[in-house]
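**Student:** Below you will find the structure I want to go over with you.
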């Protein structure tokens, strides 16, 4: 169990170690990253590192939580600036999917997370993101309840969020050998989302 920082100095040390973990992971890759490398990047002794994190796994878990928080903040800012609750669902989802894919592709840490997808504590990344996207979706459907008078909203959003995330990850991991373009993928995913959430046709 890692030490929980309470004082300002301790919080600053944890932040320093997590920044060093992110930098080292992006530069060296998951397999070649060790706690010694992280301590060296942070400019602290290995003993100081172990006062806060008992091992590499604990650092990775904390980093995944930090990445999840950062992603949520970025998406919240862009969605709010977009005024997403006022747009049609297909336009909103298409925009956010393309934005997310572009952000991942241009960030070294995100690319390493994609490459090491099966070896990281992803529940620390995905569980908070799932809750965040649920919280963002609910105001939209309150605003558009006449267009999407659906039942079991939370269950449907759970399937949509996870299937979209894993599809995007697989697509980015397969680059440059994908058989469809990024825009086409976003278009297909947006159509899928709209179809899943649209009301059933009248009998």
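The values are calculated or read from the model by the stated rules, or taken from the named source; none is laboratory data. This structure is a prediction, so every number in the text was calculated from the model and none was measured. Here the Cβ is made from the backbone with ideal geometry for all residues, glycine too, and neighbour counts use every protein chain on show.
**Student:** For residue 134, which of the numbered conditions (1) part of a helix (DSSP H, G or I); (2) over 20 Å from residue 171 (Cβ atoms); (3) at pLDDT 90 or above; (4) touching a helix residue (DSSP H, G or I) at 6+ places or on another chain (Cβ under 7 Å) fails to hold?
**Tutor:** In the conditions (1) part of a helix (DSSP H, G or I); (2) over 20 Å from residue 171 (Cβ atoms); (3) at pLDDT 90 or above; (4) touching a helix residue (DSSP H, G or I) at 6+ places or on another chain (Cβ under 7 Å), residue 134 misses (3) alone.
**Student:** Of the residues 181, 93, which is exposed (fewer than 13 other Cβ atoms within 10 Å of the Cβ) and farther than 30 Å from residue 56 by Cβ?
**Tutor:** Exactly one of 181, 93 is exposed (fewer than 13 other Cβ atoms within 10 Å of the Cβ) and farther than 30 Å from residue 56 by Cβ, namely 181.
**Student:** Kindly indicate which of 120, 125, 189 is more than 21 Å from residue 29 (Cβ to Cβ), touching a helix residue (DSSP H, G or I) at 6+ places or on another chain (Cβ under 8 Å), buried (at least 17 other Cβ atoms within 10 Å of the Cβ) and not assigned by TED's automatic domain parsing to the domain that holds residue 20.
**Tutor:** Answer to the check: 189.
**Student:** Which one of 59, 18, 30, 49 is in contact with a helix residue (DSSP H, G or I) (Cβ under 7 Å, 6 or more places away or on another chain), in contact (Cβ under 8 Å) with a residue 24 or more places away in the chain, surrounded by 13 or more Cβ atoms within 10 Å (Cβ to Cβ) and in a loop (DSSP other than H, G, I, E, B)?
**Tutor:** Working: 59 fails: in a loop (DSSP other than H, G, I, E, B); 18 fails: in a loop (DSSP other than H, G, I, E, B); 49 fails: in a loop (DSSP other than H, G, I, E, B).
After ruling out the rest, the residue left standing is 30.
**Student:** Checking the structure you have, find out if any residue of the range 70-77 is over 30 Å from residue 145 (Cβ atoms) and either within 21 Å of the chain's Cα centre (by Cα) or not assigned by TED's automatic domain parsing to the domain that holds residue 124 (or both).
**Tutor:** yes
**Student:** Just need a number here: residues in the range 107-135 that are under 14 Å from the mean Cα position of the chain (by Cα) and within 21 Å of residue 77 (Cβ to Cβ).
**Tutor:** 13
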